[in-house]
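Everything below concerns the one structure shown next.
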Amino acid sequence: VYGDVLHNLYGSTEVSWASIAGPAALRAAPTTAGRAPHGTRLQILDAAGEPVPPGRVGRIFVGNEMLFEGYTSGTTREHRDGLLDTGDLGRLDADGLLFVDGRADDMIVSGGENVFPSEVEDLIARLPQVREAAVIGVPDPRYGQRLAAFLALHPGETLDPEAVREYVRHYLARFSVPRDVVFVKYLPRNATGKVLARELHRYYYS
């Protein structure tokens with residue numbers, strides 16, 4: 001619609017910018033966060049702090065001259081060879097493009113499988129009836145955790161919960177299918193627009 005004018009920047013308060021995707025990168029891979037800009041190092045590390053091969057999900061570490069010194073509480077994030085843990089999980093493809101899978105603390109383990117709610121969330125958001133969607137992990141007595149999807153629909157639209165589950169089942173693995181599909185008028189957000197997962201948990205258990 002707009003032409004090749006869009007850029008995608010990924011970063012955080014703690015590490016400043018981490019990567020930038022220009023129009024060419026977004027044309028090639030619309031969900032990429034791009035590559036580290038000049039003066040920034042970016043690596044994907046495993047739990048032991050070792051680099052992982054392309055395509056494998058790991059912890060995103062970033063290094064540059066703008067890393068924060070720590071929180072006011074005196075705590076900080078893990079450092080590895082001048083790189084700081086962003087708290088996010090992601091992967092690099094064979095061309096060195098970064099893809100962010102979500103927050104490390106958002107990932108759930110369902111029946112022994114790692115599940116990223118953001119992947120399911122993005123898929124459901126493509127449904128034409130859906131105005132906005134959020135997916136969270138909730139306790140499950142059999143699998144440890146399972147997914148619950150919260151959907152706000154466009155005015156006048158309707159959607160069957162089983163149709164949502166079947167849609168996800170068509171594209172993703174069985175363990176990524178949300179057992180619970182809850183329809184809400186809107187998603188609770190903070191002043192910056194971030195969805196408040198704790199409010200969704202409160203709504204789910206109310």
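General observations
- For the range 37-68, trypsin sites (Lys or Arg not before Pro) meeting the loop criterion (DSSP other than H, G, I, E, B) and having at most 11 other Cβ atoms within 10 Å: Arg56.
- Calculated on alpha-carbon atoms, Rg and Dmax of the range 8-103 in Å: 13.0, 42
- Within the chain, longest stretch clear of exposed chymotrypsin sites (Phe, Trp or Tyr not before Pro) (DSSP loop, no more than 11 other Cβ within 10 Å): 72-185
- Max-minus-min Cα coordinates of the range 108-205 on each principal axis give 37, 29, 21 Å, with the largest extent listed first.
- HN-Hα J in Hz across the range 67-72 - Karplus 6.51, -1.76, 1.60, θ = phi - 60°, x for Gly and Pro: 5, 6, 8, x, 7, 5
- For the range 1-126, with +1 on Lys and Arg beta carbons and -1 on Asp and Glu, the positive-most of Gly112, Ala48, Ala18 along the dipole: Ala18
- Remark: the range 79-134 carries a charge dipole of roughly 140 debye about the Cα centre, counting +1 on each Lys and Arg Cβ and -1 on each Asp and Glu Cβ.
- Using only side-chain charges placed at the Cβ, +1 for Lys and Arg and -1 for Asp and Glu, the dipole size of the range 108-205 relative to its Cα centre rounds to 240 debye.
- For the range 79-152, the normalised intensity computed at q = 0.15 Å⁻¹ comes to -0.65 (log10 of I(q)/I(0), Debye sum over alpha carbons, equal scatterers, no solvent).
- Looking at the range 48-97, the GluC sites (Glu not before Pro) that sit in a DSSP loop and have at most 11 other Cβ atoms within 10 Å of their own Cβ are Glu65, Glu69.
- Counted over the chain, the DSSP beta bridges are approximately 90% antiparallel.
- When you filter the trypsin sites (Lys or Arg not before Pro) in the range 86-146 for DSSP loop state and at most 14 other Cβ atoms inside 10 Å of their Cβ, you are left with Arg126, Arg142.
- Contact order, relative form, for the chain: 12 percent (alpha carbon pairs under 8 Å, 6 or more residues apart, mean separation divided by residue count).
- Listed residues Gly137, Gly11, Gly90, most fluctuating in the chain (Gaussian network, C-alpha, under 10 Å): Gly11
- Likely footprinting exposure, Val57, Val168, fewest C-beta neighbours within 10 Å first: Val57, Val168
- Dipole in debye (nearest 20) - the range 123-167, about Cα centre, beta carbon charges: Lys, Arg +1; Asp, Glu -1: 160 debye
- Over the chain, the fraction of Cα-Cα pairs per 5 Å bin, rounded to whole percents and listed from the shortest bin up, is 1, 7, 13, 15, 17, 16, 15, 9, 4, 1, 0.
All of the numbers you see were taken from the coordinates with simple rules; none came from a lab. Everything quoted here is computed from the prediction, not taken from an experiment. Neighbour counts run over all protein chains shown; Cβ positions are idealised from the backbone, glycine included.
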